[in-house]
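In what follows, a structure is listed as structure tokens, so that the remarks can point back to it.
Any read-out appearing in this document is the output of simple, stated calculations on the displayed coordinates, not a laboratory observation. A quick note: this is a predicted structure, and the numbers were derived from the prediction, not measured. Using ideal geometry, Cβ is built from the backbone for each residue, glycine included, and neighbour counts are taken over all protein chains shown.
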Amino acid sequence: MPEDETLTPGNTGAPKEDVAGEAAHQAAVSLRVGMVATDPLRIAGMQSILESGPTGVGPFAEIVPLSIPGILNDGGLRIVMVDASCTEHLFELLETFRRVRPLIRLIVIGDSMEQEYIQRVIGAGAKGYLTHTAREGEIRMALDIVNDGSVWAPRKVLARLLDSTSDNGIRGSDQVKFTAREVEVLRYLVTGLGNREIGEALGIDEKTVKAHISRLMRKVRVTNRIGLTLHALDYDLGEAVVE
């Protein structure tokens, strides 16, 4: 290093173009997703699917290959995908991470399509379930939904989970009235869109969408987005009572 060149807190010695390139990469990647799988082809396949966004501009998500212990060491991950075939103790693993790293959202990828099995996976703490044959659009949507704080699973599984955990099976009053905007939000919600996509469709910001959803949950007396979605499905939103 030349004598007149010093390292300051903002000068790491790395070439400016490298720093700028890394910053641009981080800005372009909307999600960092860990993946635990013993088959490298499965990881490569997921990387290929997510290497570009749905519009073809920029990466949709960055896949970070992990070992099971590695999940504990990477504090920068919010979502981790776990290939069920990589462990014989999947449910013990889910229980461990529910206790040790409760903020990590796990998505299980498996072969089974049985509702009872998927319900058990979600009940054990996973925030999503995908089959190995899931399409690209389904994978992207699952990541969006889970990142948004909801659960991705077949609708019948979610309904059974809600019924098994709700107090006396009450989902709210059939006489609830919605504003015109709330009806619009519900219509998009039941299609599986996340808050960001709902906001884009309605021309409002994401915080406003979250505020609408929070108010809707209070109205229909449910405590989570799953319950609200299922409650909305009980309505004919084309004939909903509007305030």
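For LYS127, list the lysines whose Cα falls under 29 Å from its own Cα; do not include residues on the same chain fewer than 8 positions away.
Straight-line reach from LYS127, under 29 Å: LYS156, LYS207, LYS210, LYS219.
So if we plug the beta-carbon distance of HIS132 and ASN224 into 1/(1 + (r/R0)^6) with R0 = 35 Å, what FRET efficiency do we get, rounded to 0.05?
Working: r = 28 Å, r/R0 = 0.79.
Rounded to the nearest 0.05, the efficiency is 0.80.
Hey, what did the range 30-163 get for relative contact order, percent, Cα under 8 Å, at least 6 apart?
On the way: 191 pairs, mean separation 27.7, N = 134.
Relative contact order here is 21 percent.
Can you tally the net charge around ASP144? Count Lys and Arg as +1, Asp and Glu as -1, for every other residue whose Cβ sits under 10 Å from the Cβ of ASP144.
Every neighbour counted, the sum reads 0.
In terms of modelled amide H atoms, which long-range or inter-chain residues lie less than 5 Å from the amide H of PHE178?
Hits under the 5 Å cutoff: VAL241, VAL242, GLU243.
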